[in-house]
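All remarks here apply to the structure that follows.
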Amino acid sequence: MDYSKLVGLYEELEKTSARLKKIEAVANILKETKTEILPKVTLLLQGRVFPSWSEKEIGIASKMAAKIIAISTGFPEKDVSRLFRKKGDFGLVAEELTEKRKQRTLFKKHLTVDIVFENLQRLASIEGKGSQDRKFKLVSELMAAAKPKEAKYIIRTVIGDLRIGVAHGILRDAIARAFLSKEDTKAAVSAVEWAWFLMPDYGEIATIAKNKGIKGIRAVSLELGKPYHVLLAERSKGLEEAIEKFERPVFEYKYDGARVIIHKKGSEIWLFTRRLENITKQFPELVELARKHIEPDDCIVEGEIIAKNKKSGKPMPFQILSQRIKRKYNIEKMVKEIPIEVNLFDIVYLNGEVFFDKPMEFRRKILEESVKESKGKFQLAKQLRTKDIKKIKKFYQEALDASQEGLMVKNLDAKYQPGRRVGYWLKVKPVMENLDLVIIGATWGTGKRTGWFGSFMLGCRSGDDFLECGMIGTGIKEKSKEGVTFKKLTKLLKPHIENQKGNQVSIKPKIVVEVAYEEIQKSPNYGSGFALRFPRVICMRPDKGIDEVDSTKKIARLYKQQRGTRF
Ligand code: AMP
């Protein structure tokens, strides 16, 4: 297939916002695609060349885009950057400059999906000294052979910002429409979705649907070494609600760490996050623990990794653990610096048998039988089975005092539903009080937010000064009937701009907003020393002056209150 054909589809998708039209367009191209390249086309449609769970990645940061476009088109890098500031999209920049290309190469190569895909995949295997330059060269060559519109999408794919990337729901519906059109639509869509929860790779799913129909899709199951979408929890109003909801509840610590899904096949171990990332390399000590302490040959267990202080052994906040998740080199040093503990809470697969339909109580029992605990390293999550609210409240307080987030409440009679936030698990966490903060900076937006600010720096009061305490972009809307818009905020803030550096501006503290958030973390990156986690704008507070903005002291107090003392 010619790459230009795919590009034609990208253009069509970019122009239409009608969901049904998008599904139809994608379904049509899938139908026309030869089976051999179906996986490539479905990946490229999502703006990727590796499935999300692969350890491999292209490895080119978006800040390198200007350089690549400069090399491929012959324009100076500063011209490329200038054009980017105007357009806010490297795709459009590449398109325009390829059109005007100085080194008028003839479009010698005829780009096919295979050529583009394979070259982009090849980027991941370029390693070692001078690898960045070799990567630039490879992409530039590809771009130099491309027509302007092709260059637009190649650069977007390389920097991981395709923009019209076909979302999960559209691909699901398009696959059902393309290959399972004889079936009832609803049944076909839900079969494809179920398959995707268990095998999150639309390339493979499309191929199975094409070759084996709905029977093949329904037979998709878990595979060791490939991640699946996990069961998610719902927020609960409180412990009382949780007790009322379940006839037989079980309470567990809600640990403040990261979900880990451990696959074991003989002595082979894989570790995945709930976002399907492969983190096996980052946690060699966990691989060892799993090998040693999980008894069955083949199984999949789930738990929460938490970081611990290397001296005191006390639990550390999630952000410390996240340093280990992100780390790609010097792993052995990190193993010593940030020790971990794993608390296991579920098992979904054992020696060929999948436990999705088995109740929680059964799964916990099998988990207990399958794991030889090593206290403080590899153990089962703390549990309490009772309906006595006094005991439950005590357990909740214990969890908070142990620096954990709160409690998970699970229905002992409920099965495991992959990929869904169904009410089988409820989470109970302390509610954080909203803060009134002032906007002290902003970043110019890109893409459809070009010309407006896209994110905002929040400040809290410290004497007469205002110190950074978090970046916010959530809660602000595109359309005015939905609430505070980017446009409105930009208009309000523009007269107060003090300084501009690149795409960042500093702003005189004037505009006060009410902000909700999940949690307060310590942060060396912000002046206040704190960062709000998942902040979102609730409303503007024109009734509040900047003297009423909440102080760093208040944030420090809330930080301490949110759990027991941590260290
Ligand atoms: P949330 O991230 O707030 O939606 O809460 C769900 C997450 O809590 C899960 O994905 C796990 O990472 C985490 N978690 C911590 N402790 C437990 C537990 N005992 N059972 C299940 N999930 C837990």
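Using modelled amide H (1.01 Å from N, peptide plane; none on Pro or chain starts), what sits under 5 Å from the amide H of Thr485, excluding residues fewer than 5 places away?
Lys477
Mind listing the phi-derived Karplus ³J(HN,Hα) values for segment 350-358, rounded to whole Hz, using 6.51, -1.76 and 1.60 with θ = phi - 60°, and x for any glycine or proline?
Here the 3J(HN,Hα) series is 8, 6, x, 10, 9, 9, 4, 8, 8 Hz.
Counting only heavy atoms of protein chains, what accessible area per residue, in Å², does segment 435-563 have with a probe of 1.4 Å?
51 Å²
What FRET efficiency do you get for Val431 and Lys147 if R0 is 41 Å and r is their Cβ-Cβ distance, rounded to the nearest 0.05?
After rounding, the FRET efficiency stands at 0.15.
Put one equal scatterer on each alpha carbon of segment 164-232, apply the Debye formula with no solvent term, and list log10 I(q)/I(0) at q = 0.18 1/Å to two decimals.
Listed by q, the Debye log ratios stand at -0.60.
Fully extended, how many nm does the chain gain between Ser312 and Arg218 (0.36 nm per residue separation, minus their Cα-Cα distance)?
Extending this stretch completely gives an extra 28.8 nm.
Leaving ligands, DNA and RNA out of it, work out the accessible area of His229 with a 1.4 Å probe and give it in Å² to the nearest 10.
30 Å²
Among Arg327, Arg218, Arg101, what's the order by accessible area (1.4 angstrom probe), most exposed first?
Largest to smallest exposure gives the sequence Arg218, Arg327, Arg101.
Å³ per residue of the Cα convex hull, for segment 99-208?
138 Å³
When the Karplus curve 6.51 cos²θ - 1.76 cosθ + 1.60 is applied with θ = phi - 60°, which whole-Hz ³J(HN,Hα) does each residue of segment 31-44 get, with x for Gly and Pro?
For segment 31-44, the Karplus-derived couplings read 5, 7, 6, 5, 3, 4, 9, 4, x, 5, 5, 5, 5, 4 Hz, x marking Gly and Pro.
Past 22 Å, Cα to Cα, is the threshold; run Lys87/Lys152; Lys186/Lys215; Lys237/Lys477 against it and keep the listed order.
In this structure, Lys237/Lys477 exceed 22 Å between Cα atoms.
For Val166, what residues show an amide H to amide H distance below 5 Å, using hydrogens built from the backbone and excluding near sequence neighbours?
Gln46, Gly47
Tell me, what HN-Hα J-couplings in whole Hz come from the Karplus equation 6.51 cos²θ - 1.76 cosθ + 1.60 at θ = phi - 60° for each residue of segment 213-218, using x for Gly and Pro?
Per-residue couplings from phi come out as x, 5, 4, x, 5, 5 Hz.
If the viscosity is 1.306 mPa s and the temperature 10 °C, what translational diffusion coefficient in µm²/s does Stokes-Einstein give for segment 430-512 when Rh comes from Kirkwood over Cα pairs?
119 µm²/s
Which value in deg cm²/dmol, rounded to the nearest 500, describes the helix-derived mean residue ellipticity at 222 nm for the chain, given -39,500 (n - 2.57) per DSSP H run of n ≥ 4 and division by the residue count?
-11500 deg cm²/dmol
Would you calculate the convex hull of the Cα atoms in segment 232-428 and tell me its volume per residue in Å³?
So the per-residue Cα hull volume is 111 Å³.
At 1.4 Å probe radius, can you tell me the per residue accessible area of segment 232-428 in Å²?
46 Å²
For a distance above 20 Å, tell me the whole-number percent of Cα pairs in segment 1-121 that qualify.
55 percent
At 1.4 Å probe size, with the rest of the protein present, what percent of the exposed accessible area of the chain is carbon and sulfur atoms?
That fraction is 50 percent.
State the volume of the convex hull built on the alpha-carbon positions of the chain, expressed per residue in Å³ and rounded to an integer.
Normalising the Cα hull of the chain by residue number yields 178 Å³.
From the residues Val250, Ser462, Ile269, which one has its Cα farthest along the dipole of the chain in the positive direction, the dipole being from +1 and -1 charges on Cβ of Lys/Arg and Asp/Glu about the Cα centre?
The one lying farthest along the dipole's positive direction is Ser462.
Near the amide H of Ile347, under 5 Å away, which other amide H atoms are found, from residues 5 or more places off or on another chain, if H is placed in the peptide plane?
Glu302
Computed FRET efficiency, Cβ-Cβ of Asn211 and Glu127, R0 25 Å: what is it to the nearest 0.05?
Rounded to the nearest 0.05, the efficiency is 0.10.
Using alpha carbon coordinates only, what is the Rg to Rh ratio of segment 139-184, with Rh defined as the Kirkwood radius?
My calculation of the ratio gives 1.22.
Place a label point 7 angstrom from the Cα of Glu118 along the Cα-to-Cβ direction, then list the residues of segment 23-61 whose backbone nitrogen is under 14 Å away.
Inside the label zone: 37, 40.
The values are calculated or read from the model by the stated rules, or taken from the named source; none is laboratory data. Because the structure is predicted, anything quoted here is derived from the model rather than measured. Note that each Cβ is placed from the backbone with ideal geometry, even for glycine, and that neighbours are counted across all protein chains shown. Just the protein is used for accessible areas: all its heavy atoms, side chains included, with ligands, DNA and RNA removed. Shrake-Rupley method; radii C 1.70, N 1.55, O 1.52, S 1.80 Å.
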